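Shown next, in structure tokens, is the structure this report addresses.
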Amino acid sequence: MLVSCPHCAKQLKLNKKIQESLRQLEDGRRIKVKCVHCAEPFALDRNSVKPKASPSNKGQSVKTGQNSNVNLRPPAPPSIGWLREGTFEDKEVVEDIPRALVLFPEIPARDIVVKAAGEFGYLVEQVDSPEEAIDKMRFVNYAAVFLHNHYESGGITTGKFHHYMRQMNMARRRYIFYVLIGEQFETLYDVQALAFSANLVVGDAETEYIATLLRKTIPEYEALFGPIMEELRIAGK
């Protein structure tokens with residue numbers, strides 16, 4: 001099965017797992033996948049994909065001699081971009097592995113958060129400086145970001161990274177589950193999370209329960225806002 005990315009127009013091959021999901025999809029329902037070229041998410045339904053093209057002249061012969069009136073254009077040479085990049089065409093499939101960025105100082109709680117995020121299904125990345133973290137955010141679409149208050153010396157309030165997140169365009173920000181962790185936060189206090197432009201706040205004392213908190217809050221968040229965000233994305237907002 002093939003599908004074209006609506007963002008970069010690249011043609012992609014769907015892996016078997018996504019093909020099976022589409023076959024079992026009810027009419028009117030969609031699933032969300034992510035393009036491996038531009039990393040932008042987009043929705044698919046049962047009518048969004050097309051099978052690989054097969055020859056339309058099966059059983060017919062076409063004369064190509066000097067007396068033939070048919071002008072045939074030879075096919076284009078095959079692309080060898082994968083040869084330089086070291087990426088085989090067989091690996092050019094739609095993958096939907098969400099990434100998480102964990103920004104913590106060197107404290108024991110960091111390992112707890114990294115482990116919990118990995119067990120939840122995130123591909124976890126870490127960087128040492130706010131400048132590098134901001135640079136990564138510009139080129140990678142992260143599904144979740146975990147920021148500790150002491151990641152920067154001045155704390156979250158004056159930190160460069162938190163300021164960057166607060167200024168981010170909502171067309172992108174709404175797809176990031178932003179978690180703030182620190183001694184000044186009251187775990188699951190939605191009013192405090194709203195004041196800090198975050199999706200979840202966790203106190204230092206409850207960091208050991210971060211895996212349980214993710215299992216509770218992220219499904220609730222996706223169930224509440226997922227359909228709305230998908231409609232906004234399809235509408236280009």
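The values are calculated or read from the model by the stated rules, or taken from the named source; none is laboratory data. Worth saying up front: this structure is predicted, and the values here are computed from it rather than measured. Here the Cβ positions follow ideal geometry from the backbone for every residue, glycine too, while neighbour counts run over all protein chains shown.
Report yes if some residue within the range 202-211 is buried (at least 19 other Cβ atoms within 10 Å of the Cβ), closer than 18 Å to E106 by Cβ and more than 24 Å from the chain's Cα centre (by Cα); otherwise report no.
Taking every residue of the range 202-211 in turn, at least one turns out to be buried (at least 19 other Cβ atoms within 10 Å of the Cβ), closer than 18 Å to E106 by Cβ and more than 24 Å from the chain's Cα centre (by Cα).
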Those residues that are touching a residue at least 12 places away in the same chain (Cβ under 8 Å) and either out of contact with any Asp or Glu (no Cβ under 7 Å at 6 or more places or on another chain) or among the hydrophobic types (A, V, I, L, M, F, W, C) (or both), I need them from the range 119-135; list them, please.
E119, F120, G121, Y122, L123, V124, E125, Q126, V127, E131, A133, I134
Under 7 Å by Cβ, and 6 or more places apart or on different chains, what pairs join a residue from the range 1-21 that is outside the structural domain of A43 (by TED's automatic domain parsing) with one that is modelled with pLDDT under 75?
none
When residues of the range 181-196 are limited to those that are in contact (Cβ under 8 Å) with a residue 24 or more places away in the chain and farther than 19 Å from F161 by Cβ, the one surrounded by the most Cβ atoms within 10 Å (Cβ to Cβ)
T187
The strands (runs of 3 or more DSSP E) lying wholly within the range 1-109 that contain at least 1 residues that are in contact with a Lys or Arg (Cβ under 6 Å, 6 or more places away or on another chain) and modelled with pLDDT under 65 are none
Using the structure shown, decide if T157 is within 24 Å of R215 (Cα to Cα), free of Cβ contacts under 8 Å to residues at least 60 places away in the same chain and either touching a strand residue (DSSP E or B) at 6+ places or on another chain (Cβ under 6 Å) or not charged (D, E, K, R) (or both).
no
Could you check, for the range 165-180, whether at least one of its residues is small (G, A, S) and surrounded by 13 or more Cβ atoms within 10 Å (Cβ to Cβ)?
no
E183 is checked against (1) within 25 Å of L123 (Cβ to Cβ); (2) in contact with a Gly (Cβ under 8 Å, 6 or more places away or on another chain) and fails just one. What number does that condition carry?
(1)
